[in-house]
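The values are calculated or read from the model by the stated rules, or taken from the named source; none is laboratory data. As the structure is a prediction and not an experimental result, all values here were calculated from the model. Neighbour counts are summed over all protein chains in view; Cβ atoms, including those assigned to glycine, are modelled from backbone coordinates with ideal geometry. Side chains are part of the model used for accessible areas, which takes the heavy atoms of the whole protein and leaves out ligands, DNA and RNA. Shrake-Rupley method; radii C 1.70, N 1.55, O 1.52, S 1.80 Å.
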Amino acid sequence: MDFKTRSAVVRIILSSTNMNSLHSAFERTAARRRHLDQANLLRSLTLVINGVPSGINLGQGVCDLDSPSPLVQGGIASIDGGDRQLYTPYTGLPELREAIADKLRRHNGLDYTGKNVAVCTGSSGAFFAAGMTLIEPGDEVVLFEPFYSYHWTTVPLFGAVPKAVRLRGASLEFDPDALRAVLTDRTRAVVVNTPGNPSGKIWTREELVELGHVLEGTDIAVFTDEVYEYMCFDGREHISPATIPELADRTLTMNSFSKTFSVTGWRIGFLAGHEEIVEKCGVVFDQMEVCAARPMQRGVQRALEQLPDSFYSELQQEYQAKRDLFCAALRDAGFRFDVPQGAYYVLADYTDVFGDISPYDAVIAMIDRIGVNAVPGDLFFAEPDGVRCMRFQFAVERPVLAEAAKRLRSLAR
């Protein structure tokens, strides 16, 4: 069965799967979650590509790479008897909180102790706990476009309204006037994702200072997502917004070890900031999850304590090399894009390859032709009409990346 036939069969199976009629008690669901009734294409297209023989998943950013040995051994030691497998404090193991604080002091320039840190289930758990702590129903939350789609779809779960501000031009510059135009007395938070998913945008120090000037005199909080902090390319520097004096008193720093240590399934992340608000967020997280998994916390603790700084610099170098290899293949295939400044994604215009069709149809066409998937680019925009791009991820092993590059180049024939 070829790529086209097999992927068509999988799509038919997906589209024909129906839930039985719900009992009347469950026909009415909360309005704040009804937008999630639409299919999650990140996950459904992963099912499609997984059903294709020799399919290559360049869609969902699963980060299919080896994890560092100290991290794995730390988790195993905990399970094998190094710990009694009990709940941890809701803000995380004290030793891990201190290890994270040490990392923030050394790598981010944030003068924090363990009391400034709460361990969560990934940056997503941190984002949810922060939102449930600070955001009221009816509040507005500003995201910069193109945005991480899970941020956009999570905000309504707080009962809040997401607002988009388009980053400017090919280099995706922050436009202070565009932000001022959407701020209202209901604006409660602004989300800064740097380096950005899906664009690879890295916020500069000057842009962050200007953001602080725009927010001056307001009670608007800044939520950050810095999970790709060690993937900054071409000499660019990751700057944590909380280190900017104009933003320091209003910023909650959120991060995860999923991408740095290639453990997307471990779900260990954190939020950091002023001790009082971190504790309040921790109390909310206690209601959500009780705590993050103890063995996973121990593994991350050991990795933070034992890995040398060279691990992080080598990680950056490897991802930059993969970016360059992958972008060369995309260019040869006929895609148009701006080379990402960071992270491990490329947002690429496909119209010269597949024509003026919808992003979903373009991704399906690519699966049918070469057995490679991506994420439809309209998921990252508030107004999806007319969007003609798809997002690729290149966090895969070198041989897989080489095969994907070969298949992509075949599109140009």
Hey, could you check the range 60-80 for residues that are part of a loop (DSSP other than H, G, I, E, B) and touching a helix residue (DSSP H, G or I) at 6+ places or on another chain (Cβ under 6 Å) and say which is most open to solvent (accessible area, probe 1.4 Å)? Gln60
The range 42-59 - residue that is open to solvent by 40 Å² or more (accessible area, probe 1.4 Å) and within 20 Å of the chain's Cα centre (by Cα) and, of those, farthest from Tyr148 (Cα to Cα): Leu47
If a residue has to be more than 16 Å from Glu237 (Cα to Cα), touching a residue at least 24 places away in the same chain (Cβ under 8 Å) and open to solvent by less than 30 Å² (accessible area, probe 1.4 Å) to count, how many in the range 300-327 make the cut? 8
Residues of the range 189-206 being surrounded by fewer than 21 Cβ atoms within 10 Å (Cβ to Cβ) and either in contact (Cβ under 8 Å) with a residue 24 or more places away in the chain or within 18 Å of Met254 (Cβ to Cβ) (or both), in sequence order, are Thr204, Arg205
Selection status of Val192, closer than 21 Å to Cys389 by Cβ and assigned to a strand (DSSP E or B): no
Residues that are open to solvent by 10 Å² or more (accessible area, probe 1.4 Å) and either touching a helix residue (DSSP H, G or I) at 6+ places or on another chain (Cβ under 6 Å) or in a loop (DSSP other than H, G, I, E, B) (or both), drawn from the range 264-287: Thr264, Gly265, Trp266, Arg267, His274, Glu275, Lys280, Val284
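A quick yes/no check of all residues on (1) touching a Gly at 6+ places or on another chain (Cβ under 9 Å); (2) among the acidic types (Asp, Glu); (3) in a loop (DSSP other than H, G, I, E, B); (4) farther than 30 Å from Arg168 by Cβ:
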site	(1), (2), (3), (4)
Ala321	no, no, no, no
Ala328	no, no, no, no
Val346	yes, no, no, no
Asp361	no, yes, no, no
Asp385	no, yes, yes, no
Pro399	no, no, no, yes
Arg413	no, no, yes, yes
Taking the condition open to solvent by 40 Å² or more (accessible area, probe 1.4 Å), under 21 Å from the mean Cα position of the chain (by Cα) and either under 30 Å from Gln341 (Cβ atoms) or not β-branched (Val, Ile, Thr) (or both), does Arg236 pass? yes
Which condition does Gly386 not pass, out of (1) open to solvent by 10 Å² or more (accessible area, probe 1.4 Å); (2) modelled with pLDDT of 95 or more, if it passes all the others? (2)
Mind checking which residues of the range 342-353 are over 23 Å from Gly269 (Cα atoms) and surrounded by 21 or more Cβ atoms within 10 Å (Cβ to Cβ)? Val346, Leu347, Ala348, Tyr350
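When you check Val339 against the structure, is it touching a helix residue (DSSP H, G or I) at 6+ places or on another chain (Cβ under 8 Å), within 22 Å of Lys259 (Cβ to Cβ), open to solvent by 10 Å² or more (accessible area, probe 1.4 Å) and modelled with pLDDT of 95 or more, yes or no? I'd like the intermediate steps shown before the answer.
Details: touching a helix residue (DSSP H, G or I) at 6+ places or on another chain (Cβ under 8 Å): yes; within 22 Å of Lys259 (Cβ to Cβ): yes; open to solvent by 10 Å² or more (accessible area, probe 1.4 Å): yes; modelled with pLDDT of 95 or more: yes.
It is true that Val339 is touching a helix residue (DSSP H, G or I) at 6+ places or on another chain (Cβ under 8 Å), within 22 Å of Lys259 (Cβ to Cβ), open to solvent by 10 Å² or more (accessible area, probe 1.4 Å) and modelled with pLDDT of 95 or more.
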What is the residue count in the range 49-82 for residues that are closer than 18 Å to Leu304 by Cα and acidic (Asp, Glu)? 1
Return a yes/no flag: does the range 332-339 have any residue that is basic (Lys, Arg) and not in a helix (DSSP H, G or I). yes
